[in-house]
Every structure is written in structure tokens, then in C-alpha cells.
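Here the structure is laid out as C-alpha cells; the discussion comes afterwards.
The values are calculated or read from the model by the stated rules, or taken from the named source; none is laboratory data. This structure is a prediction, so every number in the text was calculated from the model and none was measured. Here Cβ is always computed from backbone atoms with ideal geometry, including for glycine, and neighbour counts include all displayed protein chains.
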Amino acid sequence: MNAKYARHLSVLGEEGQKKLSNATVYISRVGGVGGTAANYLARSGVGRLLLAHGGTLDAEYLNRWHLAHESDVGRPCVDVFKEEIARINSSVEVEVLGEHAKSIDDIKAFANEADVIIDAAPMFEERYNNNLLSQMLNIPMISGSMYAQEGYVMSFVPGETPCLSCLYPEKPEFWVDRHVFPALGTGPGIIGCLLANEAISYIAKGELQLKGKMLHYDLTDMDFNKLKIEKDHQCKVCSA
Amino acid sequence: MITVHLPSRMREELDLSSKSVQVEAFQSGSLQELFNCLDKDIPGALPFMCDADGSVRKHIKVFVSDEQVTDNFSNVNLHGHENIRVIQAMAGG
Ligand SMILES: [Zn+2]
């Protein structure tokens, strides 16, 4: 086994590591949550990352974006991601879509070869597009999000579990742009780690620990709970 | 006694200092009765969760002892020792 992954051996096995190196992961937004996931997936030796993210880097991202540094402010985000991931692990192939997941046609064309979707966008419209993509292409989606000191992670498997729209068919009205959520860096970091771990488990061992479950936390009192979520048989996305 | 865990946004909007509350006036009964009691302790709690017609908002889910509530709140009976979690849809990253 490659020395970079030597410590994986008893956890994933050589076969699991090989599966990782052959896997493609689509990540929707590569910020505090998605960027942390991308970081750990790159270090784990995943074969290919497909990153959808638009815009340039703002200073306010620096409290939580693992892939960004002060000198990157003002640069196109996708340039920063490609450069940083190449520094972390040059074996990882990185493809970028310099846009957010706003168009279902665009992400379908971009991410159709993904083995798993990581849903980490700060806008519900993009999350609902990722959910639709997951259902259309029959690709499992691991979704993680936060607000202030609270957050959750869920794994959705088309045809098997509830989907995102089963649980939350509509967004809260106040969520009009990416500026609405308060965040320390730690919360998105936790979520990103959990997303990466779930993706690695799925790729290497075919196991999703949060299939049909929500892992919810509140760091206010370090309260972590695994909750059972239910399919909505009237869901417009997965029960149509 | 029943403990209700409240979502961050609700705590902000209703200016609450605590993450969870114990509803002392409630001994046993339905989830709806619990939330009616909660709304007396914390005015605005019920409208945060439900529309004017009483139906739960589509970005809110309630969990009783780690199980998602899918039934009408009036049909969910509580014995007085459950953990209740109100969880709002989030998208922060
Ligand atoms: Zn659904």
C-alpha cells in the first residue's frame, strides 16, 4: 500500500483503499462543510473529486474554510481548491464547475459519473437540486448542514430511504442568502468530517451509518443524537 | 418531567437563553397539549412551529424519544418522561 495510506490498512483494507482510489465524489459547494469533506477525502486517497462552486473568495470565509488562506482573498474559489488539493495529495484528480448547483442540467452533465454526492451548499435551492440529481441518477447523497452551534448529517439512498424533500419539503422563509447563518469554524468542520467519513465508509465498505437517520448535534451543550427519519409517501421528489 | 430541546433560530427569535426547557405544567397528554403548555411558558413557541391553521411548518420536524413525529400532534400521546426535539431545516456550510 502507498505510504500515504499506510494507517488505513486495518481500517479499510487494501481492497477498500483500491475502491477509494477508483471512486468519484461530487461535492456541491466546497466551503466550511464541503471544503472540510474535500480535504479529508483528498487525504484518504479518493480518486476523483468533482467540485461545484462559483464566485471569488471573501475574507469572511476564512473562519471555517480549510482549503483557504488569507492570501487567497479575491481569487476564484475553484482555483484555490484545485491548488490546495494538489498540495494535499497530487494523486487526486480534481474537476471543477465554476458555478453553484443552480441548474439541474448543468450538475447532471457535470456529476453523472459520481459514486456519491456530498451536499454541502448554503442555499436550499442548491440542496434541492442535489436531492433531485440523487434521485434522477440513483446516486446516494450524504447531506450535512448547520446553523450557529447546531447541525445535522443524513444519508439518503434513492429507493431505500427518505429523501431530503421528504423531511423538509420547504425552506425556512428567512433563508434568502448565504449570509443568514451564524457559524464558528468548528461546527462546519465537524459536519465536513462526518460527511467525509460516511463517504469513505460507503465507497470502501458499502456501508452508510446514517442511512435513514439524522445525526443531530448542538454544541451549546455537546448534545449529539441519532434520530430516525421517515419517508413521506406523498413526497413530490421520491414518491412521484 | 418532559424536556423540550429548541432549535437555535427559535432561541434567537424568541430571545431565549436556554437550549432546552422543562414544561412543568405538563404531566401527561398529547404532544399538542404539551406545545400548548410550552406556548404559555414561552409565548411565540407555537407560532414558530405551526401555521395559523395549526399545521406544522414544512421546515420544522419534531422528534419524540429519537423517533420522527409523522402524525398530527393531537394523536401523539406522551407519558411525561420523553425527550422532545424540535429541529428546523438548516443549510449552513
Ligand atoms: Zn422524498
Report, by residue number, each residue of segment B:77-93 that is of a type in the set (Val, Ile, Thr) and closer than 30 Å to A:Asp177 by Cβ.
B:Val86, B:Ile87
Test A:Pro162 against the stated conditions and say whether it is in contact (Cβ under 8 Å) with a residue 24 or more places away in the chain and either surrounded by fewer than 18 Cβ atoms within 10 Å (Cβ to Cβ) or among the charged types (D, E, K, R) (or both).
no
What do you reckon, is A:Glu150 more than 14 Å from the ligand (Cβ to nearest atom) and within 14 Å of chain B (Cβ to nearest Cβ)?
yes
Could you tell me which numbered condition A:Ser165 fails, if it satisfies all but one of (1) closer than 17 Å to B:Met90 by Cα; (2) out of contact with any strand residue (DSSP E or B) (no Cβ under 6 Å at 6 or more places or on another chain); (3) facing chain B (nearest Cβ under 8 Å)?
(3)
Does A:Lys236 satisfy the criteria of being more than 14 Å from chain B (Cβ to nearest Cβ), surrounded by fewer than 20 Cβ atoms within 10 Å (Cβ to Cβ) and in contact (Cβ under 8 Å) with a residue 12 or more places away in the chain?
no
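For (1) modelled with pLDDT under 95; (2) within 25 Å of B:Lys19 (Cα to Cα); (3) within 11 Å of chain B (Cβ to nearest Cβ), each residue gets a yes or a no:
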site	(1), (2), (3)
A:Ser145	no, yes, yes
A:Thr186	no, yes, no
A:Ile190	no, yes, no
A:Cys193	no, yes, no
A:Ile200	no, no, no
Quick one: in segment A:153-162, which of the residues that are of a type outside the set (Val, Ile, Thr) and in contact with a Ser or Thr (Cβ under 8 Å, 6 or more places away or on another chain) is nearest to the other protein chains (Cβ to nearest Cβ)?
A:Met154
Only one of (1) within 22 Å of A:Cys166 (Cβ to Cβ); (2) surrounded by 14 or more Cβ atoms within 10 Å (Cβ to Cβ); (3) of a type outside the set (Ser, Thr, Tyr); (4) at pLDDT 95 or above does not apply to B:Gly93, and that is (4)
Tally up the residues in segment B:31-74 that are out of contact with any Phe, Trp or Tyr (no Cβ under 6 Å at 6 or more places or on another chain) and crowded, with 16+ Cβ neighbours inside 10 Å, please.
20
Considering segment A:190-203 alone, what residues qualify as being surrounded by 22 or more Cβ atoms within 10 Å (Cβ to Cβ) and either β-branched (Val, Ile, Thr) or touching a helix residue (DSSP H, G or I) at 6+ places or on another chain (Cβ under 8 Å) (or both)?
A:Ile191, A:Gly192, A:Leu195, A:Ala196, A:Ala199, A:Ile200, A:Ile203
Starting from segment A:1-24, take each residue that is in contact (Cβ under 8 Å) with a residue 40 or more places away in the chain and list its partners that are among the β-branched types (Val, Ile, Thr) and part of a helix (DSSP H, G or I), counting only C-beta distances under 6 angstrom and pairs at least six apart or across chains.
A:Lys19/A:Ile203; A:Leu20/A:Ile203; A:Ala23/A:Ile203
